[in-house]
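The block underneath contains the structure these notes are about, expressed in structure tokens.
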Amino acid sequence: MALRRPMVAGNWKMNGSAALAQELFKKFAAKLQNDSAEVVLCPPSIYLESVRQLLESNKQTLDGALVRMGAQNLSQHDFGAYTGEISGQMLKDSGCRYVIIGHSERRRMYGETSNIVAEKFAAAQKHGLTPILCVGESGPAREARRTFEVIAEELDIVIEKNGTMAFDNAIIAYEPLWAVGTGKSATPEQAQEVHAFIRNRLSEVSPFIGENIRILYGGSVTPSNAADIFAQPDVDGGLIGGASLNSSEFLSLCSIAMSA
């Protein structure tokens, strides 16, 4: 069995502040004492520079801990007349290591199709970023027993356009739409079932990728349910939304991942 380092990635969405970043780093210095889990902060792009500066200024106090920075989105284009967009190269220059791709809110609110998501996945890797690819089914799809069908479709278009080996440098986040921001969470058994499906799907074409890729769970993760979810054999941490805005809760989740 592969030794996959757990990851806790905080997606602030359109929330947070420079003050929140400072508060988090103060607690990181006191609480994050080892690299048994990787911590990623994904603030709004306007705060990337603030987080980068905090990473630089706290290098010594964070010695031994793995704290990285990620973005919430990027353009599939390298440059051009795309008002409001940010390219992969710009994110790389800003100090990002990761970028969230295909979040359900981007797909649902901004019309990002699976083809666009696959193009953004490629753009991230082209510029040296590791994509965190989000996949997940809606409530009606789960009720219709179409969960695996939806997940397979979202994975297959990325594989078709980028190849299976592209997942050697990628993270997958399973985020059931019916659990994102609703206060509802998948049970540990439901999360494990889908994570195992994703891992097996990739293993069909590359056993190495299937065994080694990290798969995060996202969807109303809190300190009260994280331990049971993170303990599942195919769950490698969490993509955290609301709880990432509370420094105490987020640190608790990091601690849980470190001991999972």
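Report, by residue number, each residue of region 118-151 that is among the hydrophobic types (A, V, I, L, M, F, W, C) and assigned to a helix (DSSP H, G or I).
Passing the criteria: 118, 121, 122, 123, 124, 141, 148, 150, 151.
Anything in region 128-140 that is open to solvent by 10 Å² or more (accessible area, probe 1.4 Å) and within 23 Å of residue 191 (Cβ to Cβ)? List them, or say none. Break it down into steps so the answer makes sense when it comes.
If we filter region 128-140 for residues that are open to solvent by 10 Å² or more (accessible area, probe 1.4 Å), which is where we start, we get 128, 130, 138-140.
Those that are open to solvent by 10 Å² or more (accessible area, probe 1.4 Å) and within 23 Å of residue 191 (Cβ to Cβ): 130, 138, 139, 140.
Which one is surrounded by the most Cβ atoms within 10 Å (Cβ to Cβ) among residues in region 26-44 that are closer than 17 Å to residue 240 by Cα and of a type outside the set (Asp, Glu)? Even if it seems obvious, please write down each step before you answer.
In the first step, residues of region 26-44 are kept if they are closer than 17 Å to residue 240 by Cα; the result is 28, 37-44.
Imposing the further condition that a residue be of a type outside the set (Asp, Glu) reduces the set to 28, 37, 39-44.
Numbers: 28: 23, 37: 23, 39: 25, 40: 26, 41: 27, 42: 29, 43: 26, 44: 15.
Out of the qualifying residues, it is 42.
Could you please find all residues in region 216-244 being touching a Gly at 6+ places or on another chain (Cβ under 6 Å) and either free of Cβ contacts under 8 Å to residues at least 24 places away in the same chain or assigned to a helix (DSSP H, G or I) (or both)?
244 - this is the single residue of region 216-244 that is touching a Gly at 6+ places or on another chain (Cβ under 6 Å) and either free of Cβ contacts under 8 Å to residues at least 24 places away in the same chain or assigned to a helix (DSSP H, G or I) (or both).
Tell me, which residue of region 73-127 that is loosely packed, with under 15 Cβ neighbours inside 10 Å and in contact with a Lys or Arg (Cβ under 9 Å, 6 or more places away or on another chain) is farthest from residue 172 (Cα to Cα)?
Restricting to residues being loosely packed, with under 15 Cβ neighbours inside 10 Å and in contact with a Lys or Arg (Cβ under 9 Å, 6 or more places away or on another chain), the top hit is 78.
Across region 47-74, what is the number of residues that are under 19 Å from the mean Cα position of the chain (by Cα) and farther than 21 Å from residue 6 by Cα?
Within region 47-74, residues that are under 19 Å from the mean Cα position of the chain (by Cα) and farther than 21 Å from residue 6 by Cα number 6.
The values are calculated or read from the model by the stated rules, or taken from the named source; none is laboratory data. What you see is a predicted model; the values in this text were computed from it and never measured. Cβ sites come from the backbone with ideal geometry, for glycine too, and all protein chains shown count toward neighbours. When the accessible area is computed, the model is the full protein with side chains, heavy atoms only, and any ligands, DNA or RNA have been set aside. Shrake-Rupley method; radii C 1.70, N 1.55, O 1.52, S 1.80 Å.
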